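Below is one structure; the comments refer to it alone.
Nothing in this text is a laboratory measurement; each read-out follows from the coordinates by a stated rule. The structure displayed is predicted, hence computed values, not measured ones. Reconstructed Cβ throughout: ideal geometry from the backbone, glycine too, with neighbour counts over all protein chains shown.
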Amino acid sequence: MVDVRGLVGESFKGWSLAKELGRGADGIVYLAQKEDEDRAVKLFFPESLKKNGLEEQLERIELQLSLAGKKHHPNLVEVFDGGFCSDTGTIYLFMEFVPGSTLEVLLGKLPQASVAPLIAQLADAACFLESQGLVHRDIKPANIIVNDDFTSLCLLDLGIVYESVATEGDDNRLSGGEFVASLRYSPPEFVWRQEASSDNSAWRAITFYQIGATIYEMLEGRCIFDGYDKPRACLYDSVRWRTPCFTSTSTEDWIVHLAQSCLVKDWRERVSLIDWSSFSGPSEAADFSQIRRSIRLRQIHADEKKVLEKEMNPIDPGITLRKAIWEIQGRVFMEVRRFLIAEQIFPRFSGNHKSISEVEYLLQYVFEADESLNFKGILEFNVLLSLPDASQQSLEVSISALVNGESIFKGLWLEIFSVEKVFERCKLALYTVADKIVPVA
């Protein structure tokens with residue numbers, strides 16, 4: 001059995017392996033070239049075949065090849081050929097080569113105008129798979145390629161695609177007998193295999209959740225459950241109990257509402273709130289059904305919040321909470337002070353921090369006017385740290401700046417209980433303020 005790593009420049013089944021495109025837990029993908037044609041070929045790691053079993057892996061390949069020769073969907077990677085290669089002793093799969101960047105790499109860089117069309121394309125590809133009796137089971141940003149002008153995407157990696165129609169001898173579990181997908185992007189019923197059903201809507205609910213987790217990252221520009229995922233046991237708890245919080249203010253309301261509905265913990269509630277048409281955009285006019293779904297979503301979120309409070313044992317809003325905020329504000333104050341002393345673009349300053357209430361602290365920095373640095377007025381920089389909701393275990397960070405009493409900057413964010421996160425917010429705000437003050441030559 002040949003180790004499939006480091007084969008760039010080698011030949012495989014008449015194709016030249018030009019470069020490595022990526023690698024995952026079970027294999028490596030190369031750009032394969034022949035004359036003027038490009039394809040992607042996945043070669044499976046020997047250890048993966050030992051772990052999963054050669055027969056099982058071949059069954060997965062055959063399931064992917066069942067799509068070959070059928071009507072191709074433009075937003076789904078096309079599969080051409082695959083099987084066992086006796087020369088190398090490994091399994092291979094030839095696929096369409098899709099140029100572009102993974103959505104994972106593009107998080108935080110997507111134009112707002114591109115989000116809705118890309119969501120519709122992703123859902124359409126997943127819906128197409130369902131029409132073929134298949135479910136992807138591993139939809140996530142790393143498995144999605146977006147083209148360079150952000151107008152089109154392609155859903156990749158059909159490695160754990162599964163038949164959504166029950167077959168003889170199948171135990172009909174939602175997970176297909178074992179959890180093989182990505183924990184961060186999968187719903188509770190899939191991770192814990194708690195539901196047994198031959199109802200196709202149960203599989204659809206898993207797909208909706210994974211699309212919702214992907215939408216979350218498209219909107220927020222960061223991983224879902226970021227800050228609540230270490231150690232790994234915390235990520236399991238977050239998947240099971242925590243409702244993701246949306247902070248983006250530049251997104252259309254219907255997209256946020258769609259993602260929130262996708263991420264509902266109870267799969268039956270999930271499929272009652274949305275269907276495939278929900279991903280195409282908002283309805284032209286509100287109807288009773290939409291109003292009912294909106295009300296029901298708020299009720300579900302209220303219930304999930306109560307469960308979170310019970311199961312996750314959040315920070316006590318008493319002594320423990322006051323101590324946590326007190327420690328963070330003190331450390332942030334000193335970090336900002338050290339930064340300002342070391343950073344030569346800011347003038348001399350004085351600083352103080354004080355308690356506004358048991359759960360509110362104000363950090364203040366006042367800068368002298370300095371003609372040599374083009375700071376022509378007195379700058380007042382304020383950071384207010386407060387706790388808006390104990391159950392969310394997050395800090396509200398409000399930053400404002402005034403020059404000679406006139407406001408030049410305001411910002412409001414929700415952050416986890418982290419000195420580093422709050423300090424980074426303060427540092428970025430200070431640079432932004434300095435950029436506004438110092439004139440362009």
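Which helices, counted as full DSSP H runs in the chain, have an axial Cα extent of no less than 18 Å and a Kyte-Doolittle average of 0.0 or above? The partial results should precede the final answer.
Numbers: long enough: 112-131 (30 Å, 0.95); 200-220 (30 Å, 0.13); 288-312 (35 Å, -0.95); 319-342 (35 Å, 0.45); 419-437 (27 Å, 0.26).
Length and hydropathy pass: 112-131, 200-220, 319-342, 419-437.
If the cut-off is 25 Å between C-alpha atoms, which lysines fall inside it for Lys310, apart from same-chain ones fewer than 8 positions away?
The reachable lysines, counting only those whose Cα sits under 25 Å from Lys310, are Lys230, Lys265, Lys323.
As a check on your grasp of the helix formula, calculate [θ] at 222 nm for the chain: sum -39500 (n - 2.57) over DSSP H runs of n ≥ 4, divide by the residue count, round to the nearest 500.
Numbers: 12 runs with 164 residues, N = 441.
Calculated mean residue ellipticity at 222 nm is -12000 deg cm²/dmol.
Note down the magnitude of the dipole of the chain about its Cα centre, charges +1 on Lys and Arg C-beta and -1 on Asp and Glu C-beta and zero elsewhere, to the nearest 20 debye. Before the final figure, lay out each step's value.
Numbers: 47 positive and 65 negative charges, 245 e Å.
Roughly 1180 debye for the chain.
To the nearest 20 Debye, how big is the dipole of the stretch 69-157 about its Cα centre, given +1 on the beta carbon of each Lys and Arg and -1 on that of each Asp and Glu? Before the final figure, lay out each step's value.
Working: 5 positive and 11 negative charges, 46 e Å.
Magnitude of the dipole: close to 220 debye.
Would you mind checking which residues have amide H under 5 Å from Glu10's amide H? H placed 1.01 Å from N; only 5 or more apart, or other chain.
Leu17
With just the Cα atoms defining each centre, how far is the stretch 403-433 from the stretch 25-98? Give it in Å.
That distance is 48 Å.
Name the residue farthest towards the positive end of the dipole of the stretch 319-437 from the options Ser355, Leu395, Phe367, assuming +1 on Cβ of Lys and Arg, -1 on Cβ of Asp and Glu, about the Cα centre.
Farthest towards the positive end: Ser355.
Set the bar at 27 Å for Cα to Cα. Now go through Lys306/Lys427; Lys354/Lys421; Lys109/Lys354 and name every pair that lies beyond it.
Details: Lys306/Lys427 35 Å; Lys354/Lys421 20 Å; Lys109/Lys354 37 Å.
Flagged as over cut-off: Lys306/Lys427; Lys109/Lys354.
So, with +1 on the Cβ of K and R and -1 on the Cβ of D and E, and no other charges, what is the size of the charge dipole of the stretch 319-437 about its Cα centre, to the nearest 20 debye?
Values: 13 positive and 16 negative charges, 36 e Å.
It comes to approximately 180 debye.
Is the stretch 101-312 rounded, prolate or oblate when judged by the Cα gyration tensor, a ≥ b ≥ c being the square roots of its eigenvalues, rounded requiring a/c under 1.5 and prolate requiring a/b larger than b/c?
Values: a/c = 1.23, a/b = 1.10, b/c = 1.12.
Rounded.
What is the count of Lys pairs in the stretch 11-96 whose alpha carbons sit under 19 Å apart, if the two are 8 or more places apart or on different chains? Present the calculation step by step, with values, prior to reporting the outcome.
On the way: Lys13/Lys34; Lys13/Lys42; Lys19/Lys34; Lys19/Lys42; Lys34/Lys42; Lys42/Lys50; Lys42/Lys51.
Counting lysine pairs in the stretch 11-96 gives 7.
Just one of [x] 1.48; [y] 1.04; [z] 1.00 is Rg/Rh (Cα atoms, Kirkwood Rh) as worked out from the coordinates here. Which one is it?
The value matching this structure is [y].
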